[in-house]
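First up is the structure itself, then whatever we jot down about it.
The values are calculated or read from the model by the stated rules, or taken from the named source; none is laboratory data. Note that the structure is a prediction, hence the values are computed from the model and not measured. Reconstructed Cβ throughout: ideal geometry from the backbone, glycine too, with neighbour counts over all protein chains shown. Ligands, DNA and RNA are stripped out before the accessible areas are found, and what is left, the full protein with its side chains, is counted by its heavy atoms. Shrake-Rupley method; radii C 1.70, N 1.55, O 1.52, S 1.80 Å.
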Amino acid sequence: MTTMRLTILLAALFPLLAAFSAQPLNVLFIAVDDLRPDIGCYGVIHAKTPNIDRLAARGIVFDKAYCAQAVCSPSRTAILTGLRPDTTKVWDLDTHFRDAQPDCVTLPQHFRMNGYHTVGLGKLEHHGFEDGPSWSEPRWFPSGQMVKVDEQDWTKHTVTLFEGVKSEFANPLEDVAKRKGGKAGKKGPSFEISPKTDDELPDGAVAAEAVKRLAGLKAAGKPFFFGVGFVKPHLPFTCPQKYWDLYPEASIQLAANAQRPKDAPEPAFHNNYELRSYGTVPENGPISDAMALKLIRGYRACVSFMDAQLGRVLDELDRLGLRENTLIVLWGDHGYHLGENGLFTKMTNFLLENL
Ligand SMILES: [Ca+2]
């Protein structure tokens, strides 16, 4: 049985009265990669997340939300299909849920089958496992690809290239091929102050595209299900200086419970292998306190960077007068360690408290 890390699920069900109107509500479905509840609306004092907080203030904050399995694809698949990993057979990052459940109906697919126009930008399904029947239009990625998945054969993709933003994530299809072919090489640094502007980074490009698309979705006059996927605060913790500046170095402290719990069984842990795949992190041995402090600061900076991109989308929704008739759901795919229990990243069953 696979469980369970805290995930974040916020919904702005606003206004509730709209739910009783004859006009179907639009859905803005926002996925955030590796977001633990380091967020102001969860009472985390250090968090600088004004846009998530304003969304939370007019909606519902779910504080007992759990994920099916604490890693991207199984968790995302469970959210999209409503099925457990043991049913989808997606326990890893290499399996499409339609291999085991060819006829399942995903959440966006359900809306599509009921008259909605469904569009997805960025990371919603796990990269490389985009789903044909879910979307009315090709899936859009900031790295310069539009991917149309065959509606009958999910192994067939049509890819259109355009001038996109270079991503730290590889081309989704190449990424899968590389993983299947063996060990991927070392990646870039685990954290970095980026000299790029917001829009030159993937999440900024997703926000810019989302802002562009909203006007078209409104003009089309059909109810829409709009999936917007942000990849920060996933590693590497790369974002512009202004977001790092929100968290002065001197304000960062190590996790209070940085030791393994007494008598906890060995299988509950891992050796931080995801973190170690980044170039600046040693292959073995402890993560130094100096590096841990940088990672914690970088993670927080990336949460704020993502929050700023979210704010652009929410502002445009308001500007277009769509707020009253759009249900917004914001969710993270699983929790995350930043040194708690001696761990970094995800893929454990620990719950996080007192961030
Ligand atoms: Ca994830």
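Table for the structure above
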{"quantity": "Enumeration of residues in segment 47-70 that are of a type outside the set (K, R), assigned to a loop (DSSP other than H, G, I, E, B) and open to solvent by 20 Å² or more (accessible area, probe 1.4 Å)", "calculated": "G59, D63, A68, Q69"}
{"quantity": "Residue check, D333 crowded, with 18+ Cβ neighbours inside 10 Å and charged (D, E, K, R)", "calculated": "yes"}
{"quantity": "Matching residues in segment 61-80 - criterion: being in contact with a helix residue (DSSP H, G or I) (Cβ under 6 Å, 6 or more places away or on another chain) and among the hydroxyl-bearing types (S, T, Y)", "calculated": "T77"}
{"quantity": "Meets criteria (surrounded by 17 or more Cβ atoms within 10 Å (Cβ to Cβ) and within 30 Å of L25 (Cβ to Cβ)) for A292", "calculated": "no"}
{"quantity": "Of the criteria (1) within 16 Å of the ligand (Cβ to nearest atom); (2) touching a strand residue (DSSP E or B) at 6+ places or on another chain (Cβ under 7 Å); (3) modelled with pLDDT of 95 or more, which one V90 fails", "calculated": "(2)"}
{"quantity": "Index of the failed condition, L28 passing every other in (1) within 16 Å of the ligand (Cβ to nearest atom); (2) buried (at least 22 other Cβ atoms within 10 Å of the Cβ)", "calculated": "(1)"}
{"quantity": "Selected residue [closer than 27 Å to K64 by Cα, β-branched (V, I, T) and away from the ligand (no atom under 16 Å from the Cβ)] from V281, V329", "calculated": "V329"}
{"quantity": "Test: residue in segment 10-17 that is at pLDDT below 95, out of contact with any helix residue (DSSP H, G or I) (no Cβ under 6 Å at 6 or more places or on another chain), outside any loop (DSSP other than H, G, I, E, B) and open to solvent by less than 60 Å² (accessible area, probe 1.4 Å)", "calculated": "yes"}
{"quantity": "Any hit, segment 44-61, residues being among the charged types (D, E, K, R) and under 15 Å from the mean Cα position of the chain (by Cα)", "calculated": "no"}
{"quantity": "Extreme residue, nearest to I287 (Cα to Cα), among residues of segment 233-254 that are hydrophobic (A, V, I, L, M, F, W, C) and either within 16 Å of the ligand (Cβ to nearest atom) or open to solvent by 20 Å² or more (accessible area, probe 1.4 Å) (or both)", "calculated": "L254"}
{"quantity": "Qualifying residues in segment 317-330 (those that are open to solvent by less than 20 Å² (accessible area, probe 1.4 Å) and not in a strand (DSSP E or B)) - the one farthest from P261 (Cα to Cα)", "calculated": "L322"}
{"quantity": "Matching residues in segment 256-279 - criterion: being within 23 Å of the chain's Cα centre (by Cα) and part of a helix (DSSP H, G or I)", "calculated": "Y273, E274, L275, R276"}
{"quantity": "Some residue of segment 220-232 being outside any loop (DSSP other than H, G, I, E, B) and open to solvent by 30 Å² or more (accessible area, probe 1.4 Å)", "calculated": "yes"}
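To keep it simple, each residue is scored yes or no on (1) of a type outside the set (S, T, N, Q); (2) modelled with pLDDT of 95 or more; (3) assigned to a helix (DSSP H, G or I); (4) closer than 19 Å to L25 by Cα.
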| residue | (1), (2), (3), (4) |
| --- | --- |
| V281 | yes, no, no, no |
| R297 | yes, yes, yes, no |
| A301 | yes, yes, yes, no |
| L314 | yes, yes, yes, yes |
